[in-house]
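Before any comments, here is the structure.
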């Protein structure tokens, strides 16, 4: 089976399995936005790419903001970001400065769900009364021990969980005689799940008669005025 076929198969599995969770999360996110809230997204390493994917995105919701802790991102050193993700308490001084307010929501992305940095982010905001969504792979997470001093995994902390249904190790392709699986699937699954969640949120806001804040492509004539108005509406994001 090709990689594309496996990706399609996995997306169908996610669609069948995550319907209820997506309905619940999108309804809560729509309520958050109706009340003036923002969704803040966080991830380390490749998960940071997912956290950025929905930000300032043509066709995407405006009130989405990544929590960008640069030492945990790949461009400042991939090995270093992995080491820091495993360091308890590393994120503390960073997240204390983040403009997350009561009524906002925080999405934390971690495929394995075991490392301290994403767990610390989730714990911090949960203690502040901010609702936390986890995007993780439960079968993967449940197969490994937590690296957090509390022994918790990401799904133990979050208010809502969206399951990526990714196998342990993430890679989904195999060849006879090759002892290493290859071709990770978490980015495809994660992006699809997030945009499904956002699509459902848009539908709910529109059904309620709310002016849905969506960016238009900057390459469409006349979009600049619309996008500027949207950014003024959510200026605390700091576009």
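Bear in mind that the values in this text are calculations on the coordinates, not laboratory data. As the structure is a computational prediction, the values presented were derived from the model and not from experiment. All Cβ positions, even for glycine, are placed from backbone atoms using ideal geometry, and neighbour counts span all protein chains on display.
When 73, 1 are sorted by how many other C-beta atoms sit within 10 angstrom of their C-beta, beginning with the fewest, the order is 1, 73. With respect to the chain, whose longest principal axis is taken over its alpha-carbon atoms, helix 186-207 is tilted by about 30°.
You can think of it this way: the chain between residue 16 and residue 210 has 67.0 nm of extra reach, that is 0.36 nm per residue less the Cα-Cα gap. The GNM of the chain, with springs linking C-alpha atoms under 10 angstrom apart, assigns the highest mean-square fluctuation among 143, 187, 82 to 143. Between 96, 23, 152, the Gaussian network model of the chain with springs among Cα atoms under 10 angstrom shows the greatest mean-square fluctuation at 96. The packing ranking, built from the mean of other Cβ atoms within 10 Å per residue, places the peptides 101-110, 28-37 in the order 101-110, 28-37, highest first. Taking the alpha-carbon centroid of each part, what is the distance from the stretch 130-156 to the stretch 86-129 in angstrom? About 12 Å separates the Cα centre of the stretch 130-156 from the one of the stretch 86-129. Adding -39500 (n - 2.57) for every DSSP H run of four residues or longer, then dividing by how many residues the chain holds, sets the calculated 222 nm ellipticity at -13000 deg cm²/dmol. Using only the alpha-carbon atoms, how far is helix 223-233 inclined from the longest principal axis of the chain? Give it as 0 to 90 degrees, nearest 10. Orientation of helix 223-233: about 90 degrees from the principal axis.
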